[in-house]
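Okay, structure first, notes after.
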Ligand code: 4AD
Ligand code: MG
């Protein structure tokens with residue numbers, strides 16, 4: 001079996017024969033070849049005596065070429081690595097053109113790499129980001145399994161709009177140019193599923209059904225939103241983790257959310273330190289080019305440890321509203337969107353002020369005005385707020401959104417009417433309240449938003465392999 005470079009680097013050098021396979025990162029002085037196979041941030045150095053090799057073969061050892069090197073593993077004489085391979089044999093799998101290969105051994109801009117997303121994974125930066133992403137998803141499963149949650153897979157094609165926001169991608173096999181009509185409207189009864197369907201915006205409603213039988217469940221799957229938000233925080237296709245727990249109230253829900261994000265961030269501090277150190281270094285260089293007031297005060301690893309080691313601030317919407325209103329009144333902070341009437345939606349500038357300037361740590365806001373949140377959230381006794389919660393992170397804003405769910409049938413029905421949501425379509429959802437209803441809660445974590453935070457990267461398009469955003473579905 002071929003060893004990965006990560007595994008070879010851990011061996012004790014005893015002149016044993018090893019084979020390393022990967023892509024050439026660098027070839028210096030016709031002697032030193034650095035190869036990387038993506039398993040680790042470190043390259044393996046292979047030392048060759050060019051006199052023993054054919055000129056034609058040497059010419060093919062260019063950055064980006066894929067090769068296999070066989071030789072003795074020895075202690076390295078140079079600094080920068082513990083071991084190296086003394087090359088005895090080289091095989092070239094695929095050549096690479098020294099000038100035409102887009103990923104040259106130099107620093108490329110994120111924009112350039114986005115246009116070359118099929119090759120960007122060969123860079124140190126992207127392989128680091130994607131290794132951290134992979135470890136984070138492992139930590140997600142590890143956390144929930146250790147907490148006795150069951151993993152459920154909810155449908156990707158659905159007929160319900162879980163968030164009631166209407167921002168969905170239609171799924172149809174009808175002819176786009178001349179669909180069958182019924183009284184001048186498209187006749188969806190003749191569509192593939194005999195009804196109007198689209199890609200899911202959230203697996204929550206189905207997860208609720210499973211929680212009310214399995215107890216504690218979580219989903220981890222792709223979600224799709226046709227919102228026209230061209231920001232550094234929004235994707236049209238993103239991955240979401242949605243735990244749902246029977247017999248949990250809002251407070252236990254917030255406790256779980258806090259424990260969960262701390263667990264997964266702590267997991268990567270422990271298991272991805274080399275990648276994080278590299279990303280920190282790369283980002284520090286970029287910070288220097290930013291104006292002083294926009295620079296991050298903390299370095300990446302320090303910032304992660306800060307979140308893991310400090311209790312999140314928990315405040316009600318009304319309290320947050322008071323703070324923001326007083327800040328504008330005292331002219332401490334000038335907001336573009338005024339904070340004058342209770343009930344307004346907080347904008348990103350308000351959230352960032354609370355998190356980054358006022359509390360200087362993650363903030364959980366709960367009990368939002370009922371009008372601004374989804375129909376399924378539980379109405380509080382004051383009848384004007386719902387048991388909702390958002391977790392806000394520095395530099396990101398909302399990373400988690402969740403709530404206690406409305407478990408009382410009559411109140412749920414009223415809320416559905418208020419939001420113009422069809423009880424016919426969601427008959428099964430209301431039935432969960434008719435038979436054996438229980439208090440229950442859950443939340444959704446946008447996976448790319450936590451990868452963004454964990455890697456310190458500033459654009460969400462750079463933490464998912466092939467981003468989908470308005471006007472872009474390249475690759
Ligand atoms: O707040 P949202 O819309 O909540 C729900 O979908 C609920 N059904 C969750 C639940 O209670 N089970 O979305 C949840 C999270 C947000 O906090 C954000 O992190 C992320 O999903 N998110 C996005 N991430 C990337 N691109 C987008 N367009 C996103 N929209 C939401
Ligand atoms: Mg939300």
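The table below gives the values:
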quantity	calculated
Qualifying positions in segment 395-417 - under 33 Å from the mean Cα position of the chain (by Cα) and more than 16 Å from ligand 2 (Cβ to nearest atom)	395, 406, 407, 412, 415, 416
Candidate set from segment 194-217 (those that are part of a strand (DSSP E or B) and within 16 Å of ligand 1 (Cβ to nearest atom)); member that is surrounded by the most Cβ atoms within 10 Å (Cβ to Cβ)	217
Positions within segment 356-373 being within 24 Å of residue 331 (Cα to Cα) and either at pLDDT below 95 or surrounded by fewer than 20 Cβ atoms within 10 Å (Cβ to Cβ) (or both), in sequence order	356, 357, 358, 359, 360, 361
Test: residue in segment 267-289 that is over 30 Å from residue 137 (Cβ atoms), modelled with pLDDT under 95 and exposed (fewer than 12 other Cβ atoms within 10 Å of the Cβ)	yes
Pairs where the first residue, in segment 391-413, is on the phi < 0 side of the Ramachandran plot and the second is more than 14 Å from ligand 1 (Cβ to nearest atom) and in a strand (DSSP E or B), C-beta under 8 Å, 6+ apart	406/379; 411/379
Residues of segment 117-167 classified as within 16 Å of ligand 1 (Cβ to nearest atom), modelled with pLDDT of 95 or more and part of a loop (DSSP other than H, G, I, E, B), total	6
Residues (more than 10 Å from ligand 1 (Cβ to nearest atom), within 11 Å of residue 445 (Cβ to Cβ) and assigned to a strand (DSSP E or B)) located in segment 219-265	220
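The values are calculated or read from the model by the stated rules, or taken from the named source; none is laboratory data. Quick caveat, the model's predicted, so the values are computed rather than measured. Note that each Cβ is placed from the backbone with ideal geometry, even for glycine, and that neighbours are counted across all protein chains shown.
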